[in-house]
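What follows is a short report on a single structure.
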Amino acid sequence: RHPSAPSWWRDLRGMRVAAMRAVAAALGLGWLRAAAGNAATPHFKWGQTKDVVFLSVMVRDLDKASVDVSLPDGDLRFRAKNAKGEEHALDLNLREDVEEAFKVEISQRPDKWGTPTLITLNKVHKHRWDLLVQNPKKFKGLLDKDWSREDQTLEPEDESPYVEDNNLLALTEKNLNKTLAKFSPLVVNVRFPWCTQGKSQDDNFAKAAKIAKRDKKFKKVGFAVVDAREERRLGKALDAKCEYSNDLKVFTEIGEEPVPLKSGYSETALLDSLKKYMGPAVQVLKAAADLEGVKEKNTTCYGGFVSESDPKYRLFKKVAGIMRGELVFAASFGAEAPVELFPHKQADAYKFDGSWADNGTALHTWIQPRAIPLLQEYDWQLRTTYDKLGLPMARVWLNDADSNPALDKVVRHVIRRVAKKFVGRMAFVEQKKSTYSYELRDYGLNHPEVYPAFGVASNASYNSVKYSFEVTEAVAPSAQDFWSDADKAIQKLGDFCEAVLAGTWPEAHESGAPQTNWTEGTVKTLTWKSFGEIESPERPLLLEVYGRYRSEHEVKMTEADNLATALKPQAALFTMARYDTSDNYLPADEFKRDKYSSETEWYWVPAKAAGAASRAPVVKLKKKQAAPKAVLEFAAKQLGGSALDVDAVLASFEEQMKANPPPSPPPPPPAAEMGDMGDMGDMGGMGGMGGMGDMMGGMGDMMGGMGDM
């Protein structure tokens, strides 16, 4: 009846027809014989743990080679023969979903009903099943519990009558079309009755339904629930899950594919989200000239189609349903016109020239990045929008604390010009220093913070790969000079973005400021930005790797400084260096170290030989928290021979420690003032407590008298 119905709908109808045929044939135990010829139905038993189901199927005189087990559509199918060639068949409509992988074993120990075939099924949802099959009555006398494999510590789960308690509609395969004909839109909560992770969503959904019933605006909106366990096929078709945040499903018309909807953080947020589904997905225009009025107020996607039955229009309408609330879709009929997208308050329009031969994915993918502004101010509520795009995100940070309106205007002009070149390949956002300056750390742009700042993330997630564009002296004298020369900035930033997309720009990481005033005889401070000196050192490095929150940090810093001074005569042989992992990213390939470790570790980093592709691997001093003597002995071993006189350097080091001792630890805080305690003798006449002796003496007489009892 619905030739344009999506594939999920046709598949569901096919499942339903097959299920109805099976039910119609279900007459006592003969239902299986009808489904599988004259095969006999074997006895079977089951047990479970939280993770797996154990199913044993017994056949007397089993022909082991004949056993065949499969899981068509997630239900269990067992076929086998006995020694006489007689067939045995078992088809189980399982209560819940199991994974595709399963295990089959033929037991060596016979059961009273025959040789068991043990089938181990892995549960999709790890919890206690209340039943093995949807209708156990069909197997009366054949189905037993396998208590030997049952985890009897599993507690039954609380399942409140959610639909009845909240006066909601119960949606089933049977009443689906009837319910869709009654409501527009129909919002559906697909849930498992045992799932507690979605309780917050369930509560918001029920509250929203109660509010909607009292509000005339929501008169045509239906709130329904699919019990994904009872209605397993429908639940699977609607992507049932047990998670803390499950998407609701919204139906707008019979035959239309439902679209996912976030439940929102409250019932009010849910009702606000539903409003965009209460009108048509596409505004039908009487004439193409009517488009101007729509474009003036909204970002608009428009197309001209021959008729409503045009296959292209069906795809256009499908995408419009998916993107409700993100922009306006408009169409006219009678003549074909290209699909165009008109961003609000933007002169340029985009024309779609992609494929119409798929399920609408090409059109949807084309519209998404063009429906957002070239540049807009970012806040956390937009994260979902950019998550959906799945594009790299270019970010420009502006200093709102010390605003320069003239410069900011130039910066926005530059970014919009760059953004136009990367439409569909990269998204661009503006961020305030006051809110998002903390992000500069991950881009290595926080030592020092210089505004405007620019970087690219591989996507909108927190753990995305970062790339930074740093305005160095080689680029421009200052950040302000760089941005003020708009043409040069557009060229440089465009080249940077192209390199990021091509994978040729190095990843950015947190980094301290590189040292610029190092001299021989002192410790060289290395950072991520100067990590190349560790990858390709001109001379070997004696490298201290540490976290500055280690114990006695100031003492260890002074020891290293004094050791470097003592080693100055050997400066031509190697360089002492330090690397603070509290402020700098440390690659894990050579330095196997926990990110937040505060331990002190020493490494010998060999020099890179001239013409070599890479240097030799680093060598680690195995002793942690090593004393200066152990560090010197380690360095001497790496140098070999008598290049380093450990005793002489150690003596020089001790002299340096006397001349340049570590700072004294801060004195303990003064004890809290206790006030004048000299008057404690006057505490309520306690000097008269001598009378307590008489009382105690009297108690002695009393106790003595008790001995005569």
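Going by the conditions given, is Val423 touching a Lys or Arg at 6+ places or on another chain (Cβ under 8 Å), open to solvent by 10 Å² or more (accessible area, probe 1.4 Å) and within 23 Å of Asp348 (Cα to Cα)? Give the steps one after another, and end with the answer.
Working: touching a Lys or Arg at 6+ places or on another chain (Cβ under 8 Å): yes; open to solvent by 10 Å² or more (accessible area, probe 1.4 Å): yes; within 23 Å of Asp348 (Cα to Cα): yes.
When the stated conditions are applied, Val423 passes them.
State whether one or more residues within the range 576-590 are of a type in the set (Phe, Trp, Tyr) and either within 30 Å of Asp442 (Cα to Cα) or part of a loop (DSSP other than H, G, I, E, B) (or both).
Among the residues of the range 576-590, at least one is of a type in the set (Phe, Trp, Tyr) and either within 30 Å of Asp442 (Cα to Cα) or part of a loop (DSSP other than H, G, I, E, B) (or both), which makes the answer yes.
When only residues in the range 101-120 that are farther than 15 Å from Pro42 by Cα and modelled with pLDDT under 95 count, which is surrounded by the most Cβ atoms within 10 Å (Cβ to Cβ)?
By that ranking, first place goes to Ser107.
Filter the range 578-596 down to the residues that are surrounded by fewer than 17 Cβ atoms within 10 Å (Cβ to Cβ) and hydroxyl-bearing (Ser, Thr, Tyr) and list them by number.
Ser582, Tyr596, listed by residue number.
Residue-wise test of (1) more than 15 Å from Ala362 (Cα to Cα); (2) open to solvent by less than 70 Å² (accessible area, probe 1.4 Å); (3) of a type in the set (Val, Ile, Thr); (4) part of a loop (DSSP other than H, G, I, E, B).
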{"position": "Gly279", "(1), (2), (3), (4)": "yes, yes, no, yes"}
{"position": "Leu291", "(1), (2), (3), (4)": "yes, yes, no, no"}
{"position": "Cys301", "(1), (2), (3), (4)": "no, yes, no, no"}
{"position": "Ser309", "(1), (2), (3), (4)": "yes, no, no, yes"}
{"position": "Lys312", "(1), (2), (3), (4)": "no, yes, no, no"}
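Kindly list the number of the only condition in (1) under 18 Å from Phe44 (Cα atoms); (2) among the charged types (D, E, K, R); (3) open to solvent by less than 50 Å² (accessible area, probe 1.4 Å); (4) modelled with pLDDT of 95 or more that fails for Lys123.
In the conditions (1) under 18 Å from Phe44 (Cα atoms); (2) among the charged types (D, E, K, R); (3) open to solvent by less than 50 Å² (accessible area, probe 1.4 Å); (4) modelled with pLDDT of 95 or more, Lys123 misses (1) alone.
Has the range 638-656 got at least one residue that is closer than 20 Å to Val545 by Cα and exposed (fewer than 12 other Cβ atoms within 10 Å of the Cβ)?
no
Report the residue count in the range 318-369 for those that are touching a residue at least 60 places away in the same chain (Cβ under 8 Å) and part of a helix (DSSP H, G or I).
4
Each row is one residue, and each column tells you yes or no for (1) modelled with pLDDT under 55; (2) in contact with a Pro (Cβ under 8 Å, 6 or more places away or on another chain); (3) over 20 Å from Leu121 (Cβ atoms).
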| residue | (1), (2), (3) |
| --- | --- |
| Ala19 | yes, no, yes |
| Asn38 | no, no, yes |
| Thr41 | no, no, no |
| Gly74 | no, no, no |
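Can you name the number of the only condition in (1) of a type in the set (D, E, K, R); (2) assigned to a loop (DSSP other than H, G, I, E, B); (3) over 23 Å from Val619 (Cα atoms) that Arg548 fails?
So the condition that Arg548 fails would be (3).
Hey, any hits in the range 166-174 for a residue that's touching a Cys at 6+ places or on another chain (Cβ under 7 Å) and either within 20 Å of Leu274 (Cβ to Cβ) or of a type outside the set (Phe, Trp, Tyr) (or both)?
Going through the range 166-174, the residues touching a Cys at 6+ places or on another chain (Cβ under 7 Å) turn out to be none.
Among the residues of the range 166-174, not one is touching a Cys at 6+ places or on another chain (Cβ under 7 Å) and either within 20 Å of Leu274 (Cβ to Cβ) or of a type outside the set (Phe, Trp, Tyr) (or both), which makes the answer no.
Can you tell me which residue among Pro663, Pro667 is farther than 30 Å from Pro537 by Cβ and at pLDDT below 85? Give the steps one after another, and end with the answer.
Numbers: Pro663 fails: at pLDDT below 85.
Sole residue among the options that is farther than 30 Å from Pro537 by Cβ and at pLDDT below 85: Pro667.
Please find, within the range 515-530, the residue that is surrounded by the most Cβ atoms within 10 Å (Cβ to Cβ) out of those that are touching a residue at least 12 places away in the same chain (Cβ under 8 Å) and more than 22 Å from Pro661 (Cα to Cα). First the steps, then the outcome.
Going through the range 515-530, the residues touching a residue at least 12 places away in the same chain (Cβ under 8 Å) turn out to be 515, 520-530.
Restricting the remaining residues to those that are more than 22 Å from Pro661 (Cα to Cα) gives 515, 526-530.
Details: Gln515: 15, Leu526: 27, Thr527: 20, Trp528: 21, Lys529: 18, Ser530: 19.
Selected residue: Leu526.
Tell me, yes or no, whether the range 247-257 has at least one residue that is in contact with a His (Cβ under 8 Å, 6 or more places away or on another chain) and in contact (Cβ under 8 Å) with a residue 60 or more places away in the chain. Lay out the reasoning, then the answer.
Filtering the range 247-257 for residues in contact with a His (Cβ under 8 Å, 6 or more places away or on another chain) gives 254-255.
Still in the running and in contact (Cβ under 8 Å) with a residue 60 or more places away in the chain: 254-255.
Yes, some residue in the range 247-257 is in contact with a His (Cβ under 8 Å, 6 or more places away or on another chain) and in contact (Cβ under 8 Å) with a residue 60 or more places away in the chain.
Can you name every residue in the range 428-448 that is buried (at least 19 other Cβ atoms within 10 Å of the Cβ) and among the aromatic types (Phe, Trp, Tyr)?
Phe428, Tyr443
With respect to the numbered conditions (1) open to solvent by 70 Å² or more (accessible area, probe 1.4 Å); (2) under 28 Å from Trp194 (Cβ atoms); (3) not in a strand (DSSP E or B); (4) not acidic (Asp, Glu), which one is the sole condition not fulfilled by Trp129?
Among (1) open to solvent by 70 Å² or more (accessible area, probe 1.4 Å); (2) under 28 Å from Trp194 (Cβ atoms); (3) not in a strand (DSSP E or B); (4) not acidic (Asp, Glu), Trp129 violates only (1).
Look through the range 380-416, keep the residues that are of a type outside the set (A, V, I, L, M) and in contact with a Ser or Thr (Cβ under 8 Å, 6 or more places away or on another chain), and return whichever of them is least open to solvent (accessible area, probe 1.4 Å). Break it down stepwise before answering.
Initially, the range 380-416 is screened for residues of a type outside the set (A, V, I, L, M), giving 380-381, 383-388, 390, 392, 395, 397, 399-400, 402-405, 408-409, 412-413, 416.
Checking the rest, the ones that are also in contact with a Ser or Thr (Cβ under 8 Å, 6 or more places away or on another chain) come to 387, 392, 397, 400.
Values: Asp387: 75, Pro392: 24, Trp397: 0, Asp400: 66 Å².
In this case the residue turns out to be Trp397.
Please specify each residue of the range 597-621 satisfying the condition of being open to solvent by 70 Å² or more (accessible area, probe 1.4 Å) and under 19 Å from Leu563 (Cβ atoms).
Lys620
Which residues, counting only those in the range 439-474, are closer than 13 Å to Trp397 by Cα and among the hydroxyl-bearing types (Ser, Thr, Tyr)?
Tyr443, Tyr451, Ser468 - these are the residues of the range 439-474 that are closer than 13 Å to Trp397 by Cα and among the hydroxyl-bearing types (Ser, Thr, Tyr).
Looking only at the range 36-62, which residues are β-branched (Val, Ile, Thr) and under 21 Å from Asp97 (Cβ atoms)? Outline the logic, then answer.
Let us first name the residues in the range 36-62 that are β-branched (Val, Ile, Thr), namely 41, 49, 52-53, 57, 59.
Thr49, Val52, Val53, Val57 - these are the residues of the range 36-62 that are β-branched (Val, Ile, Thr) and under 21 Å from Asp97 (Cβ atoms).
So which residues in the range 541-559 are within 24 Å of Ala607 (Cα to Cα) and touching a strand residue (DSSP E or B) at 6+ places or on another chain (Cβ under 6 Å)?
Leu541, Leu542, Leu543, Glu544, Val545
Which of the following residues is open to solvent by less than 50 Å² (accessible area, probe 1.4 Å), among the charged types (D, E, K, R), touching a residue at least 12 places away in the same chain (Cβ under 8 Å) and touching a strand residue (DSSP E or B) at 6+ places or on another chain (Cβ under 6 Å): Glu173, Glu150? Please lay out each step first, then the result.
Values: Glu173 fails: touching a strand residue (DSSP E or B) at 6+ places or on another chain (Cβ under 6 Å).
Testing whether each residue is open to solvent by less than 50 Å² (accessible area, probe 1.4 Å), among the charged types (D, E, K, R), touching a residue at least 12 places away in the same chain (Cβ under 8 Å) and touching a strand residue (DSSP E or B) at 6+ places or on another chain (Cβ under 6 Å) leaves just Glu150.
Sort out which residues of the range 593-644 are touching a helix residue (DSSP H, G or I) at 6+ places or on another chain (Cβ under 8 Å), among the basic types (Lys, Arg) and more than 27 Å from Asp583 (Cβ to Cβ), and write them in order of number.
Matches in the range 593-644: Lys629 only.
Any chance you could count how many residues in the range 221-246 are open to solvent by less than 50 Å² (accessible area, probe 1.4 Å), part of a loop (DSSP other than H, G, I, E, B) and out of contact with any helix residue (DSSP H, G or I) (no Cβ under 8 Å at 6 or more places or on another chain)?
4
Can you find a residue in the range 512-522 that is part of a helix (DSSP H, G or I), under 29 Å from the mean Cα position of the chain (by Cα) and either small (Gly, Ala, Ser) or modelled with pLDDT of 95 or more (or both)?
Checked the range 512-522: no residue is part of a helix (DSSP H, G or I), under 29 Å from the mean Cα position of the chain (by Cα) and either small (Gly, Ala, Ser) or modelled with pLDDT of 95 or more (or both).
Select from the range 633-648 the residues that are more than 53 Å from the chain's Cα centre (by Cα) and assigned to a helix (DSSP H, G or I) and list them in ascending order.
Step one: filter the range 633-648 for residues more than 53 Å from the chain's Cα centre (by Cα), giving 641-643, 645, 647-648.
Selection gives Asp647, Ala648.
Among the residues of the range 498-511, count how many are in contact (Cβ under 8 Å) with a residue 40 or more places away in the chain and either in a loop (DSSP other than H, G, I, E, B) or under 18 Å from Glu439 (Cβ atoms) (or both). Walk me through how you get there before you give the answer.
Pass one, the range 498-511, residues in contact (Cβ under 8 Å) with a residue 40 or more places away in the chain: 500-501, 507-511.
Filter once more, keeping what is either in a loop (DSSP other than H, G, I, E, B) or under 18 Å from Glu439 (Cβ atoms) (or both): 500, 507-511.
Total meeting the criteria: 6.
Just one of Val163, Val188 is in a strand (DSSP E or B), of a type in the set (A, V, I, L, M) and in contact (Cβ under 8 Å) with a residue 60 or more places away in the chain; which is it? If you could, list the steps in order and put the result at the bottom.
Working: Val163 fails: in a strand (DSSP E or B).
None of the others qualify; the one that does is Val188.
The values are calculated or read from the model by the stated rules, or taken from the named source; none is laboratory data. Just so it is clear, the structure is predicted and the values come from calculations on it, not from any experiment. Because the Cβ atoms are built from the backbone with ideal geometry, glycine has one as well, and the counts that use them run over all protein chains shown. Surface accessibility is based on the protein's heavy atoms, side chains included, excluding ligands, DNA and RNA. Shrake-Rupley method; radii C 1.70, N 1.55, O 1.52, S 1.80 Å.
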